[in-house]
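See below for the structure under consideration.
The values are calculated or read from the model by the stated rules, or taken from the named source; none is laboratory data. Nothing here was measured: the structure is a model prediction, and the numbers come from that model. Here the Cβ is made from the backbone with ideal geometry for all residues, glycine too, and neighbour counts use every protein chain on show. Just the protein is used for accessible areas: all its heavy atoms, side chains included, with ligands, DNA and RNA removed. Shrake-Rupley method; radii C 1.70, N 1.55, O 1.52, S 1.80 Å.
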Amino acid sequence: MTSLPPGWYKDPADPSTQRWWDGEGWLGKAIPADAVPPDGPPPDETPTSPAPTSGTPAPGVGTPGLATPGTAAPDSTTPGTTPGPTTPVPAQAPGTGTGTPWTGAGPSGWAPPGAQQPGWTPPGAAQPPGQPAVDLPPGWQPPPGWTPPNTVPPAGQAPPTPAGWGPPPGWQAPPGWQPPPGSQPPAGWQPLPGWQPPPGWQPHPPGTPGYSWAYVPQLRPHGFALAGFGRRLVARMVDFFVVLLLNVVVNGWFAYQWWQEVEPVVRAAMNDPLSEPQQASLRANYLVLTMLFIATALWFAYEVPAIANRGQTLGKRLMQVKVVRLENTDQLGFGRSFRRWARLGLWTPFWGCYGLGLLLQFIDSVSPLFDARLRQALHDKTAQTVVVALPAKYRRPVEAAGGGDPTGGQP
C-alpha cells in the first residue's frame, strides 16, 4: 500500500466520502467528499467503557477482562443489568501478535496495517484501466527509482536497469565467464590467463557492442587446424603432374597413333587456311576417348588407395595435409575414398564434350573458397570428409630405438 502522510483523503471503500488517514490506518467517521474537513484529525467520539468489576470472564474468552474481537464485554456484576457502551476491539491481523486469529471482523472500512483496501488502485499510470485514481497531496512525487507494480515492458525490450547498477563490490567473474554480447564487462575484467588472440584476429572498431570479445573461434576437427586453400592447391598440382607423368608412360603409344591420324588434317589446314577443314577419322576419335578413360583409370589407381589407407597422396604428404572423416580419425576406407574421388575424377572422360568435364572439375576445385566453416570442397561434402593440417609431431616422426612412430603417421 502506498505510504501517504496523515491527512484527509477519499475513502477507498466509499469514494463519495472522505476520512482521516494517520499514516497507518483510517480514523474517525467518514464525512461527505465535498464537505470542508477540519484542520486536524477528527475528535475522538468513542465513549469509554467501564472496566468489568467481576473476575468472571466473558463467554467464549479464556483470559479475564478481554472481550471477543468485534464484540463488547457485558457487565456481569448484577444479573439482568444492561452493560454500558464499550469500545470495539480491532481484530488482530495474522502474524502481528498473539491472540485470536483475525477473521476479517472490525469497524467499517478498517483493515490491518499492510493490507490492501477494497477498491484501492495504485496512483498515476500504475492504476488498472477503468478504476478511479486516488487523490494524492499536492506536489507528491514517487520516490527515486520507483516503477509501477506489475508493469511489463513492451515486446522486444529488456526491463529497465536502475541507474548506476553494477555487480556487488568484490565480485569476481568465474573461470571461463564471458560478458554477454552487447554488454560491457565489469571493471577490472581480464581474459583467462595465457589467452592470446588467434592469428589474423582484429578487434571491432571502438564503440561496437562487444567489440573486444565478439570473436568466433575457428573449428578444429579432432583438434587439428583446417588446411589452407593455398596448401591444398599446391598439393593438387603436385598430384596432377604425377598423374601426367603416368599418362606419358602409359598413353604414349595411343597418343602417337592419334597424331598419325590427325597429322594430314593439320597439314592441310596449315597449307590452305581458307579451305573447308577436313574431319578427323573415326579412329582418331576412338583414340581420344581411349586415352581419356586410361587417364581416369590412372588417376583412380593413384589417389583412391592412398586416401583410403593413409588419407594422403604424394602431394598431400609434401604439403603436410591429410583427409580425415568428420566423425572420427579412422581410415577412410575404399568406399568413402572412392566417393570422394568420383565426384571429381569421373568427369575426366567428358573433357571431349567441349570441355564440360574440365569446367565442372574447376568449379569443384575452387568450392572450398565458399565454405568458411569447414573449407570443404564438393567432393568432401559428398564423402563427409575434411582436409586438416598436420601438426609438427606428425610431420617428422622420431624413430625410437627398436621401433618407429607408434601412430604410423596417423592423427
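Only four residue types carry charge here, +1 at the Cβ of Lys and Arg and -1 at the Cβ of Asp and Glu. Report the dipole size of region 303-366 about the Cα centre in Debye, rounded to the nearest 20.
Charge dipole, region 303-366, about its Cα centre: 160 debye, nearest 20.
For Phe254 paired with Ala35, estimate the spin-label separation in nm (one decimal), with each label point 7 Å from Cα along the Cα-to-Cβ line.
11.9
If I model a spin label at Val234 and Val266 as a point 7 Å from the Cα along the Cα→Cβ vector, what separation in nanometres do I get?
3.5
Accessible area per residue, 1.4 Å probe, Å², for region 262-365: what's the number?
Per residue, region 262-365 has 59 Å² of solvent-accessible surface.
Determine the gain in length on full extension of the stretch Phe293-Leu346; use 0.36 nm per residue of separation and subtract their C-alpha separation, reporting nm with one decimal. Intermediate results must be reported in sequence, preceding the final value.
Numbers: separation 53, 0.36 × 53 = 19.08 nm, distance 0.93 nm.
Once the chain is fully extended between Phe293 and Leu346, it gains 18.1 nm.
What is the extension gain from Ala225 to Leu318, computed as 0.36 nm multiplied by their sequence separation minus the C-alpha to C-alpha distance, in nm to one decimal?
That pair, Ala225 and Leu318, stretches by 31.8 nm at full extension.
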